[in-house]
Amino acid sequence: MSQLASYAEAASSHLQMMVFQGSDLWLGVANESTRRFPEAKAAYLREANASGDLAAFYALGIAEARDGRDAEAAKWLERARGLDSATSNVSFHLGRAYLKLGQAERALPLLEKAIARDPQSTPPRYARLQALQALGRQEEARTESGRNRDLLRQP
C-alpha cells in the first residue's frame with residue numbers, strides 16, 4: 001500500500017509541475033485580446049520553445065511583425081509555413097515581412113500564393129503591387145493596381 005501511495009504522490013507532483021502543451025499558446029491569445037502584447041509575445045515564445053507548435057511560431061511571427069521587427073517575424077513565420085492555409089495565411093504575412101526587409105523577389109511568390117488562395121482579398125494584392133514596383137516590373141504593377149481598384153469598387 002505504501003508503494004502505491006508514493007506512486008500516487010509522485011504522479012500528482014509531476015502533474016502539478018508539468019506545463020501542458022498549448023497552455024502558453026492560449027495564454028498568449030488571452031493576453032492579445034486584452035492588449036497585453038509583451039506578455040502575449042512572451043507566452044508564444046515559451047510555447048514555441050517548449051512544444052515546437054507551428055501555431056505558436058505563427059502567433060510569434062505575427063506579434064513580431066506588429067512590433068515592426070520584420071526580420072524576427074520572418075524567422076518565426078518561416079518555421080510556421082506548414083500551417084499555411086486559408087485560416088493561417090502564413091504566405092501573406094511572410095511575404096509582407098520579406099517585402100519590408102527589401103526582399104521583394106523572395107516576397108513575390110508568397111504573395112501570389114496568398115492571392116491564389118483568396119483572389120478577392122486586397123491586402124495581398126496591394127503587397128504584390130509594392131513588390132512588383134520594387135522589382136521594376138511597372139506594367140505588371142499597373143495591371144495589379146487596376147485589379148485592386150476594381151475590387152475596392154465592388155459592393
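The values are calculated or read from the model by the stated rules, or taken from the named source; none is laboratory data. Everything quoted here is computed from the prediction, not taken from an experiment. Here the Cβ positions follow ideal geometry from the backbone for every residue, glycine too, while neighbour counts run over all protein chains shown. When the accessible area is computed, the model is the full protein with side chains, heavy atoms only, and any ligands, DNA or RNA have been set aside. Shrake-Rupley method; radii C 1.70, N 1.55, O 1.52, S 1.80 Å.
Some values worked out for this structure:
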quantity	calculated
Of the criteria (1) surrounded by fewer than 16 Cβ atoms within 10 Å (Cβ to Cβ); (2) at pLDDT 95 or above, which one residue 61 fails	(1)
Residue in region 72-90 that is open to solvent by 20 Å² or more (accessible area, probe 1.4 Å), within 21 Å of residue 128 (Cα to Cα), at pLDDT 95 or above and not in a helix (DSSP H, G or I) present	no
Criterion violated by residue 48 - all others in (1) modelled with pLDDT of 95 or more; (2) open to solvent by less than 20 Å² (accessible area, probe 1.4 Å) satisfied	(1)
Helices (runs of 4 or more DSSP H) contained entirely in region 91-155, each with at least 3 residues that are of a type in the set (Asp, Glu)	138-153
Index of the failed condition, residue 39 passing every other in (1) over 27 Å from residue 104 (Cα atoms); (2) touching a residue at least 24 places away in the same chain (Cβ under 8 Å); (3) open to solvent by 50 Å² or more (accessible area, probe 1.4 Å)	(2)
